[in-house]
Every structure is written in C-alpha cells, then in structure tokens.
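The values are calculated or read from the model by the stated rules, or taken from the named source; none is laboratory data. All of these numbers come straight from a predicted model, not from anything done at the bench. Please note: Cβ atoms are built from the backbone with ideal geometry, for glycine as well, and neighbour counts cover all protein chains shown.
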Amino acid sequence: MRLSYTKALNRALTDALAEDPAVCVFGEDIGAGMAGPTLNLLDRFGPGRIVDTPLSEQAFTSMAIGAALTGRRPVIEFQIPSLLFLVFEQLVNQAHKFSLMTGGQANVPLTCLVPGSGSRDGWAGQHSDHPYSLFAHAGMKTVVPATPTDAYGLLRSAIADPDPVVVFAPAGALPVRETVTWELSPIPLGSARIHREGADVTVVAVGHLVHDALAVAEELAPEVSVEVFDPRTLYPFDWTALAASLERTGRLVVVDDSNRSCGIGGEIVATAAEELRLIAPPRRITRPDGAVLPFAPALDRALQPNRDQLRDAVRAVMKHRPTSSREDRGR
Amino acid sequence: MTGLPGSADLGSPAGRYRMLRLIRGFEELALGLVKSGEITGGIHPYIGQEAVAVGVCAALRPQDRITSTHRGHGHVLAKGADPSRLLAELLGRTGGLNRGRGGSMHAADFSLGILGANGMVGAGGAIAVGAAWSARQAGEDRVAVAFFGDGALNQGVLLESFNLAAMWRLPVLFVCENNGYATTLPAATAVAGSATGRAAAFGIPAVEVDGMDAEAVRAAAAEAVARSAAGGGPGFLECRTYRFEGHHTMERLMKLRYRTPEEVADWRGLDPLPRAAALLPPGLAERLDASVAQQLAAARQFALDSELPSVEGALDHLYADGLRPRAGSGA
Ligand SMILES: Cc1ncc(C[n+]2csc(CCOP(=O)(O)OP(=O)(O)O)c2C)c(N)n1
Ligand SMILES: [Mg+2]
C-alpha cells in the first residue's frame with residue numbers, strides 16, 4: 001500500500017473514532033476535510049463527533065478541555081501553527097496544569113494536531129512558525145513524526161494518552177510517501193527511532209529534517225558513518241536511546257527547525273554535554289535566534305536549517321581529535 | 001494629460017470606478033502570476049468585494065488609518081498604495097512595499113496610514129482601536145478603520161475591542177465584509193444573532209449596507225467617519241458582499257463543494273463594476289479601463305524588474321535597533 005503522510009493522519013483519526021466513541025474532533029473547515037486529515041470524517045461519524053467550528057480558537061480549545069475533563073477524548077485540528085500562540089493560555093495554563101492542580105482528580109486527554117507546521121514556502125511571517133520547542137519547554141507531551149507510518153502510530157498513541165499531547169506534522173514532511181507492507185499500529189510516545197545506523201556521528205534530526213539528515217548521511221557515507229536518530233517525541237525525550245547511540249559514536253550534531261535560543265536543540269546538546277558520552281564538542285543547526293521568516297522565498301529558505309550546514313557540522317565534529325581517554329571506552 | 005482621475009483619487013464616481021477597475025485588474029494580474037509560479041504562496045483574491053474597499057476609502061481623509069486582513073490587496077490599493085510596489089511585494093522584490101519581507105498577507109504602507117494586511121483573523125480589528133486611541137491622545141483628527149470578515153466576528157479579541165472602543169468613545173470604524181463564508185464555513189451556520197446586533201449590543205451604531213454598491217458603502221462610511229471624527233465614538237458597517245474566486249488560490253487545486261455554481265453566478269450578476277460604470281457618461285468607463293490597463297502593464301514591468309533581496313539581509317529589520325541575532329549554524 002502506498003501511504004501519504006496526510007492519509008496516514010486521516011487513517012489514524014478514522015481508526016481512533018471507530019474504536020472509541022469518546023473520541024471527537026474539533027476544528028476549522030474539517031467538515032470539508034480541507035487540510036486532509038479530516039477528509040470524509042463528517043460523512044462517516046456525523047456532526048455529533050466531527051465538529052466544524054467557527055473561528056473561535058480560544059473558545060473551542062477551552063470547550064475541548066471541558067469535554068476532556070468530562071469523559072470525551074477530543075482531537076483539535078489547528079489550521080495553521082500560529083493558532084497555537086492564540087491558545088497558549090488554554091493549552092499551557094489550563095490543559096497542562098489540571099492534573100496536578102486538582103490533586104489528580106482530573107486529567108485532560110486532549111490531542112492537538114497541526115498539519116503543516118513550519119515553512120510552507122511563501123506563507124510569510126505569521127504562517128511559518130514551527131513552535132514545538134515551546135510546548136516541550138512547557139512540558140506538554142510533544143510529538144513530531146517524520147514519516148507516514150510514524151504519523152499514524154504516534155497520533156494513535158497521542159489520542160489514547162491520558163494527558164494533553166501536541167502533534168506537529170511538519171509541512172516539509174507532508175509530501176513524504178511510503179510503501180507500507182506492514183500493519184499500521186500505535187507507536188508508544190517517548191521512543192526514538194534510528195533510521196540509519198552509523199559509527200562516527202549521531203545526527204539527531206527533528207521532523208522533516210530526518211529526511212535531510214538521511215540524504216546527507218548517504219552522501220557522506222564514503223568519508224563518515226552517520227547515525228540518523230529521530231526522537232519522534234520531543235517531550236518526553238528518549239534519553240536512553242540517545243545515550244546508547246552516543247556510546248557508539250561519541251559525536252553529536254542536532255538539526256532542529258526551532259529558533260536557536262531555548263530551542264529543543266539546545267536541550268539535547270546540553271543534556272549530552274552534562275550526562276552522555278561525547279568525544280567532541282557537539283554542534284546544532286537551527287533557525288537563527290528570534291527568527292521571523294521573511295516572505296521572499298530565498299530569504300525564507302536561508303533561515304531554515306539546510307543540508308549544507310548539516311554537512312559542514314558533521315565534518316566539523318569529525319575534525320575534532322579527541323584527547324580524552326574516554327574515547328577508548330567506546331571503541 | 002488624459003484628464004482622467006489618478007489611482008488614488010476617489011472623490012468622484014469616475015475616480016471610484018477607476019479604483020474598482022484597478023483592484024480588479026490587479027487581482028487578475030496577480031492570479032496569473034500565481035498560476036505561472038512567479039508569486040509564491042498564493043493569494044486570497046479580493047475579486048467581487050471591491051466596492052467595500054473603494055466605498056470606505058472614498059470616505060476617508062489622507063490622515064485616516066486602516067488595518068486590513070489576509071484578503072487585503074483591495075484595501076491597500078484603495079487607501080492609495082502604489083500598485084507597482086504592491087505587486088513587487090507579492091513577488092518578494094526589494095522594490096515591494098515591505099521590501100519583499102511581508103508578501104501578500106502583510107502588505108503595509110505606513111506613509112499612507114496603511115497599518116498592514118494581517119495573517120491572523122481578527123487581529124487587525126483590535127489594532128485599529130489602538131491607532132484610534134493614540135490619535136485621540138495626541139489630539140489629532142484621525143479616524144481608524146478596521147476591515148475584517150464575517151469569520152472574524154467570532155474572534156474574542158474583536159468583540160473585546162468593540163467594548164473598549166465603545167467604552168472610551170474612540171474614533172474607529174469597524175467594517176465587516178460579510179462575504180457569506182469563512183473559508184468553507186457559511187456565516188449562517190457560524191454567527192449567532194447578527195453582525196449588526198453584536199455591535200449594537202455594545203452601543204455602537206451599526207448599519208447594514210449593500211457591499212456590492214460602492215456609492216452606498218461610501219455614503220454609509222462617510223456618515224460614520226464624520227460622527228467618529230466629531231467625537232461620537234465608534235461606528236460599525238456590515239457590508240454584504242461576495243468573493244467570486246476561491247478562498248485562496250490553493251482552492252483551485254481542491255475539490256471543495258461548499259457553495260453552488262448557481263449561488264456564485266447570482267452574485268456575479270451583482271458585480272460592482274458594471275454598477276459603477278453605469279453612473280458614468282458614455283465612453284468614460286472604457287477610457288478608464290484603458291488607462292488602468294496601461295498602469296498595470298507598467299506595474300508588472302516595474303515589479304518583475306525589481307531586484308530580489310540578497311540572502312545576507314534575511315534578518316534585516318528584525319530588530320528596530322539593528323540587533324544582530326546569532327545565525328542558525330552557530331557561525
Ligand atoms: C485566528 C485565525 N484563525 C484561523 C485562520 C485561518 N484562516 C485564514 S482566513 C480564514 C477565513 C476567514 O474568514 P473571514 O473572516 O470571513 O474572511 P474572508 O476570508 O471571507 O475574507 C481562516 C479560517 C487565521 N488566519 N487566523
Ligand atoms: Mg468571509
């Protein structure tokens with residue numbers, strides 16, 4: 001079966017709705033299935049479960065939280081990533097805090113889905129953010145699938161999860177298609193995936209950048225053996241898997257489509273420096289600090305992490321000649 | 001000299017007709033450039049709604065200010081922006097209104113009181129209230145106009161700003177362009193009560209006007225602007241109108257069926273251009289059409305000749321004090 005990323009999200013929603021009558025979906029233009037993941041859901045499940053909402057994001061997000069507190073398992077589809085800024089209060093200050101603040105009386109099984117996060121070429125300043133790091137920072141479960149199979153499996157787990165989860169489908173990953181010969185099934189949150197094994201450098205790539213990392217790994221194969229590590233879930237992060245990878249390679253490059261300051265890339269590098277095995281200073285490739293993507297296509301692209309930067313970073317960490325005796329440990 | 005009115009001259013029926021034609025022609029030109037791939041990211045075409053922008057801006061004085069929306073080309077042109085520079089902006093060129101940094105959804109010309117198109121529904125409405133407040137504090141005779149759609153009527157921030165504007169009797173005119181739909185969602189299934197009823201509930205004088213008739217819109221706007229300028233507080237116009245094209249150029253690639261071909265045809269029958277042309281002496285509309293065609297041909301040439309911005313300047317203007325952020329590669 002040929003599976004597109006969007007179709008995978010659509011199947012995950014369909015299967016979750018079919019399996020559990022508590023699941024329902026809120027969002028704009030979902031009756032028409034405009035963004036893709038909600039295509040045909042209204043016909044199949046009816047307006048009691050597929051709720052096409054007016055442009056009242058703060059109200060319908062709060063409403064979904066209220067429904068989640070009282071037995072439903074809502075999914076909200078957000079048409080554009082910046083809508084998350086609009087509902088930051090609802091998600092971070094309400095949904096995320098209810099469980100602790102009520103002493104465990106209540107929890108919020110809410111899933112937020114953003115199909116098309118990050119730059120979409122020419123959508124300019126207010127439509128090109130990729131704000132997953134903000135949610136990882138706040139401590140909300142944060143998922144960024146890179147492939148159709150992972151999109152299916154992680155969205156299923158997000159919906160089944162007892163806590164609020166934000167699922168970012170990167171615009172750059174939406175064109176990815178897979179030939180799927182296996183049964184699609186839930187993939188647990190918090191487990192990383194190694195897309196390609198390698199011995200010299202671990203490249204941690206987030207979301208669509210996994211595909212760039214794979215291309216660079218292939219290209220550099222004659223000179224360096226690159227391991228491509230996809231965390232899949234940014235919070236909680238699979239530190240155990242990263243530790244194991246760095247035991248093998250000892251070198252780390254992170255490629256992350258966040259603004260540099262306080263992005264998830266910084267957290268990964270810091271944790272590796274504090275706790276994991278490194279034989280060379282780590283590097284990260286990100287958007288610049290405080291980036292606002294300009295409209296002009298070349299400028300938009302210039303501020304996103306790219307393959308040239310990744311290639312240079314991999315070569316740079318390889319140049320470093322370790323003096324530490326720790327290197328011997330892994331070899 | 002041709003003896004014909006210029007592009008920003010809205011004082012006569014001929015000038016208003018010319019602007020209707022200019023906006024229509026501009027949008028048709030832009031649609032072509034989207035199709036050919038020269039404009040990246042697409043546009044939200046204003047075709048069909050021209051009488052609203054022209055009627056309202058005909059009632060404004062040069063010192064008055066406007067905020068606009070994602071569907072903003074008509075407002076920006078009617079307030080006097082140079083079509084050459086707007087087109088250059090849509091093409092991401094340095095000669096654009098925003099130096100190619102904003103694109104269609106952020107086009108602005110502060111020298112003309114155009115505080116910007118806006119990518120977030122409802123956002124400009126509240127910003128106009130701030131512009132009205134600051135003009136009053138400064139003792140200046142300026143009115144601020146907020147253009148927004150029927151979809152924005154369901155944004156909490158807009159309703160909150162109705163309250164502030166009314167409480168503080170601010171010189172702001174809220175212009176709701178009710179084109180019947182927010183993307184695929186019919187206003188009839190999204191807006192409880194009525195648009196004018198919402199404004200009236202805050203004590204804001206609210207009138208409904210035929211948004212396909214530039215003269216009717218101008219008359220209603222002129223009355224509201226005069227009252228606001230004289231200290232009478234905010235006003236509200238609901239302009240009933242229709243967009244002839246899809247919500248966004250992307251829609252041409254989708255099979256969406258949220259309105260019938262008959263409905264579109266009925267509204268096309270109310271096209272504001274022939275109605276405005278009928279008020280002119282015989283032959284004048286054709287001469288104005290020809291002069292607009294010439295102006296747009298020159299605009300196209302200017303825009304395509306304008307330089308692309310250089311990548312080194314991708315973060316120019318990010319901070320007003322020139323602060324240079326760290327690059328994403330750490331270099
Ligand atoms: C706050 C917000 N919600 C959703 C969107 C996505 N979006 C862009 S335009 C639009 C529809 C707007 O409808 P309306 O206000 O009626 O304006 P129209 O497009 O009809 O001119 C939507 C949902 C957005 N940009 N901002
Ligand atoms: Mg509308």
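Only residues that are assigned to a loop (DSSP other than H, G, I, E, B) and either buried (at least 24 other Cβ atoms within 10 Å of the Cβ) or small (Gly, Ala, Ser) (or both): list them for segment B:108-117, please. Hits for segment B:108-117 are B:108, B:113, B:116, B:117. So which residues in segment A:52-92 are outside any loop (DSSP other than H, G, I, E, B) and charged (D, E, K, R)? Matches in segment A:52-92: A:52, A:57, A:73, A:77, A:89. If you go through segment B:113-136 and pick out every residue that is at pLDDT below 95 and more than 17 Å from residue B:159 (Cα to Cα), you end up with 0. Restricting attention to segment A:50-66, the residues that are closer than 23 Å to residue A:5 by Cα and away from ligand 1 (no atom under 16 Å from the Cβ) total 1. Do we have residue A:82 as within 16 Å of ligand 1 (Cβ to nearest atom), in the same structural domain as residue A:6 (by TED's automatic domain parsing), in contact (Cβ under 8 Å) with a residue 12 or more places away in the chain and under 16 Å from the mean Cα position of the chain (by Cα) here? Considered against the rule, which asks whether it is within 16 Å of ligand 1 (Cβ to nearest atom), in the same structural domain as residue A:6 (by TED's automatic domain parsing), in contact (Cβ under 8 Å) with a residue 12 or more places away in the chain and under 16 Å from the mean Cα position of the chain (by Cα), residue A:82 comes out as yes.
Residue check: residue B:180 meets all listed conditions (1) in contact (Cβ under 8 Å) with a residue 40 or more places away in the chain; (2) more than 16 Å from ligand 2 (Cβ to nearest atom) but one, namely (2). Counting the residues of segment B:138-167 that are within 16 Å of ligand 2 (Cβ to nearest atom), small (Gly, Ala, Ser) and in contact with a Pro (Cβ under 9 Å, 6 or more places away or on another chain) gives 1.
Number of residues in segment A:57-101 that are of a type in the set (Val, Ile, Thr) and within 14 Å of another protein chain (Cβ to nearest Cβ) equals 3. No other residue among B:122, B:80 is without any contact (Cβ under 8 Å) to a residue 40 or more places away in the chain and on the phi > 0 side of the Ramachandran plot apart from B:122.
The number of residues in segment B:230-279 being among the charged types (D, E, K, R) and in contact (Cβ under 8 Å) with a residue 60 or more places away in the chain comes to 8. Residue A:194 satisfies every condition listed in (1) part of a strand (DSSP E or B); (2) out of contact with any helix residue (DSSP H, G or I) (no Cβ under 9 Å at 6 or more places or on another chain) except (2).
Mind listing just one residue for me: the one in segment B:228-277 that is among the basic types (Lys, Arg) and closer than 23 Å to residue B:29 by Cβ and, of those, surrounded by the most Cβ atoms within 10 Å (Cβ to Cβ)? Looking at the filtered set, the residue picked out is B:243. Checking each residue in segment A:266-299 for being closer than 16 Å to residue A:131 by Cα, among the charged types (D, E, K, R) and more than 7 Å from every other protein chain (Cβ to nearest Cβ) picks out only A:267. Suppose we keep only residues that are within 14 Å of the chain's Cα centre (by Cα) and part of a loop (DSSP other than H, G, I, E, B) within segment B:121-149. Which one would you say is surrounded by the most Cβ atoms within 10 Å (Cβ to Cβ)? If we take residues in segment B:121-149 being within 14 Å of the chain's Cα centre (by Cα) and part of a loop (DSSP other than H, G, I, E, B), then B:122 is surrounded by the most Cβ atoms within 10 Å (Cβ to Cβ).
Listed here are the residues, each with its yes/no results for (1) more than 10 Å from ligand 1 (Cβ to nearest atom); (2) outside any strand (DSSP E or B); (3) at negative phi; (4) under 22 Å from the mean Cα position of the chain (by Cα).
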position: B:157; (1), (2), (3), (4): no, yes, yes, yes
position: B:169; (1), (2), (3), (4): yes, yes, no, no
position: B:174; (1), (2), (3), (4): yes, no, yes, yes
position: B:203; (1), (2), (3), (4): yes, yes, no, no
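What do you reckon, is residue A:63 at pLDDT below 95 and assigned by TED's automatic domain parsing to the domain that holds residue A:93? Against the criterion (at pLDDT below 95 and assigned by TED's automatic domain parsing to the domain that holds residue A:93), residue A:63 does not qualify.
Among the residues of segment B:292-327, which ones are in contact with a helix residue (DSSP H, G or I) (Cβ under 7 Å, 6 or more places away or on another chain) and more than 15 Å from residue B:84 (Cβ to Cβ)? Within segment B:292-327, B:308, B:309, B:311, B:314 meet the criteria. The condition of being at pLDDT 95 or above, within 13 Å of ligand 2 (Cβ to nearest atom) and surrounded by 19 or more Cβ atoms within 10 Å (Cβ to Cβ) holds for only one of B:170, B:185, that being B:185. A count restricted to segment B:66-88 and to residues that are more than 16 Å from ligand 2 (Cβ to nearest atom) and either more than 15 Å from residue B:176 (Cβ to Cβ) or not β-branched (Val, Ile, Thr) (or both) stands at 13.
Do we find that residue B:305 is modelled with pLDDT of 95 or more and surrounded by 15 or more Cβ atoms within 10 Å (Cβ to Cβ) in this structure? Answer is no for this residue. For residue B:75, the conditions (1) within 12 Å of chain A (Cβ to nearest Cβ); (2) within 15 Å of ligand 1 (Cβ to nearest atom) all hold with the exception of (1).
Residues are listed down the side, and each one gets a yes or a no for (1) among the small types (Gly, Ala, Ser); (2) away from every other protein chain (no Cβ under 14 Å); (3) within 16 Å of ligand 2 (Cβ to nearest atom):
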site	(1), (2), (3)
B:190	yes, no, yes
B:208	no, yes, yes
B:211	yes, yes, yes
B:225	no, yes, no
B:228	yes, yes, no
B:244	no, yes, yes
B:293	yes, yes, no
